[in-house]
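Chemist: Encoded as structure tokens, here's the structure I'll be asking about.
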Amino acid sequence: MYLLMFFLKKNPTAEIRLFNTKGRMKEAFQPLSKGQVKMYSCGPTVYDYAHIGNLRSFVLSDITRRVFEYAGYEVKQVINITDFGHLVGDADDTEDKMLLGLRREGLALNMENMLSLADTYIDAFKEDIQAMNVHTPDVLPRASDHVRGMVAYIETLLQKNYAYATSDGIYFDTAKFSDYGVLGGSGSEEHSRIGVSAEKKNQKDFALWKFNSEIGWDAPWGKGVPGWHIECTAMSTRYLGKSFDIHTGGIDHIAIHHNNEIAQAESANNKPYARFWLHNEFVTFDSKRIGKSEGNAITLRQVVDKGISPLSYRYWLLTGHYRQSMNFTWDAVHAAQTARERALRAFSELKGKGEVDEVYRKLFEGALYDDLNTPEAVAVMWRLIKDETVSQGSKKATLLLFDTVFGIGFLSLEKKADSAKISVSSEKEIPDDVQQLSDKREQARTEGNWNEADTLRAQIEALGFTVEDTPDGPVLRRT
Ligand code: AMP
Ligand code: ZN
């Protein structure tokens, strides 16, 4: 039996089609190594809270991961943390976002402050993705811990004549890489934003390293800071190998950041870089892209303050296809919350046990295996909920299966029901008041009320208990 399960896991047979930005068409996915998917997503720049647009890109990588795991693949997922070097604009002479964050918080511009500012927003990011039920990636590498790898890449590119020095840094020579701009967008208005510099050989050339005598790292060619693009190339290949399966990010990164990642990696390694490129469209507000520079950056905390659970925001995102832009309105997410609560209520009323319904399973897989069509999969879920011909037990089993990809709360409802049964036997060890505080804290965490959750933890500790958050829920112990 175990052998059979192992065999099945290593030999996923379903055809999963993905829209590959490289080539601009849907292609059947073929892994580079049998049964495995190695994927990388451009992570947050931790100078401030992530906004709800950013979070869409992490829901895309989470759904991609979950779909492949569902299909039986072993997935290795990396999301990087950019804690320096990401400039406000695409031009190499705009301001570093981390320095902007230090200025905003009235802190002196030095490395220590920069890294501690990053610590604050890394914690906030982890809380956000946890609240949205985005699985923690296998590796969350921090750019500042990988500068040596970036320096090594730049050295290789210099040795191979793909890079050259100017008075302010080391630049990649885009004319030397014949495939430059393979993802599209090059030569367009995005590139005109890079700016003209007398010392650059070509307008599209970009910085691999910027000299900076005050803040930065030592390198053979002078103290400074690596460019943002080389960060991703160095960290993705460090953990996934020189060639890997899937790279994801928002559409704003196609023209410059991702074309530049490909140019650096393939010039240095003589190997194809990422095989599939998946890009999510924007979340907009008043039909304008949500972004800090646009001045309309809504955070998950603000969403929670309006009484919307992070999982309802997740559900709302799933009702749109990742390649369609979604216009955020408060009415839309309130409606999503109502719908999700209705689904949870319907689920909680289901009685008995049953087998997964094969018809609905196939419809669900048909939707997701066709370029991660989550709106179609959500429609299938609603058809199932309303279908009176399917037994309650079978509905329940099928919804639980769907939730391994959706992550909208059926599984945690079920887990809570199970742990309520289990806790009967251990009731005497955990006093009622402590258990109640823990339940309240769980509720607060589910809703993203982190301050309240912290206050409740302090109250639990004051009563002589510790609370540890495990994947199976909180575990209480006497101190
Ligand atoms: P950043 O921290 O700016 O690198 O952004 C992190 C991720 O969020 C990147 O993949 C961006 O492409 C993506 N992103 C930024 N703004 C939006 C938006 N309004 N909607 C969807 N994705 C976005
Ligand atoms: Zn990146």
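Chemist: What percentages, rounded to whole numbers, describe P(r) for the range 331-424 computed over all alpha carbon pairs with 10 Å bin width beginning at zero?
Modeler: Per 10 Å bin, starting at 0, the Cα pair percentages come out as 16, 48, 29, 6, 0.
Chemist: Mark the label point 7 Å from the Cα of LEU107 along Cα→Cβ and return the residues of the range 33-65 whose backbone N is within less than 13 Å of it.
Modeler: 46-49
Chemist: Would you grab the residues whose amide H sits under 5 Å from the one on GLY291? Only those 5+ places off in sequence or on another chain, please, with H modelled 1.01 Å from N.
Modeler: Hits under the 5 Å cutoff: ASN296, ALA297.
Chemist: Can you give the % of DSSP beta bridges in the chain that are antiparallel, to the nearest 5?
Modeler: Here the antiparallel bridges make up roughly 55 percent for the chain.
Chemist: Which one of THR21, GLY448, TRP228 has its Cα pushed farthest toward the positive end of the charge dipole of the chain, where Lys and Arg give +1 and Asp and Glu give -1 at the Cβ?
Modeler: Among THR21, GLY448, TRP228, the one farthest towards the positive end of the dipole of the chain is THR21.
Chemist: Across the range 25-153, how many lysine pairs, 8 or more apart or on two chains, come within less than 30 Å at their alpha-carbon atoms?
Modeler: For the range 25-153, the number of qualifying lysine pairs is 10.
Chemist: Now for a different question. Determine the dipole magnitude for the chain: charges of +1 sit on the beta-carbon of Lys and Arg, -1 on that of Asp and Glu, nothing else is charged, the reference point is the Cα centre, and the result goes in debye to the nearest 20.
Modeler: The dipole magnitude comes to about 1160 debye.
Chemist: Moving on to the next point. On average, how much area does the Cα convex hull of the chain cover when viewed from any direction, in nm²?
Modeler: Approximately 25.0 nm², given one-decimal rounding.
Chemist: So for the chain, taking the charge dipole from beta-carbon charges (+1 Lys/Arg, -1 Asp/Glu), which of ILE52, HIS86, ALA71 sits furthest toward the positive end?
Modeler: ALA71
Chemist: Over the range 128-271, average the accessible area per residue using a 1.4 Å probe and give it in Å², no decimals. The partial results should precede the final answer.
Modeler: Numbers: 5680 Å² over 144 residues.
With the other protein chains kept in place, the range 128-271 gives 39 Å² per residue.
Chemist: Mind listing the long-range amide H neighbours of PHE276? Cut-off is under 5 Å, sequence gap 5 or more, other chains count too, H placed in the peptide plane at 1.01 Å from N.
Modeler: The answer is ILE246, HIS247.
Chemist: Sort the following peptides by mean Cβ neighbour count (other Cβ atoms within 10 Å, averaged over residues), highest first: 263-274, 16-27, 43-54.
Modeler: By packing density, highest mean first, the sequence is 43-54, 263-274, 16-27.
Chemist: First compute the accessible area of the range 233-349 with a 1.4 Å probe, then give the percent of it belonging to carbon and sulfur atoms. All intermediate terms of the calculation are to be shown ahead of the outcome.
Modeler: Details: 1850 of 4210 Å².
For the range 233-349, the apolar C and S fraction of the accessible surface comes to 44 percent.
Chemist: Check each of the trypsin sites (Lys or Arg not before Pro) in the range 277-384 and keep only those in coil by DSSP with at most 16 other C-beta atoms within 10 angstrom; list them in order.
Modeler: LYS306, ARG323, LYS351, LYS353
The values are calculated or read from the model by the stated rules, or taken from the named source; none is laboratory data. Keep in mind the model is a prediction, meaning the values are calculated, not measured. As a convention, Cβ positions derive from the backbone with ideal geometry for all residues, glycine included, and neighbour counts pool all protein chains shown. For the accessible areas, the whole protein counts, side chains as well, though only heavy atoms, and no ligand, DNA or RNA atoms are used. Shrake-Rupley method; radii C 1.70, N 1.55, O 1.52, S 1.80 Å.
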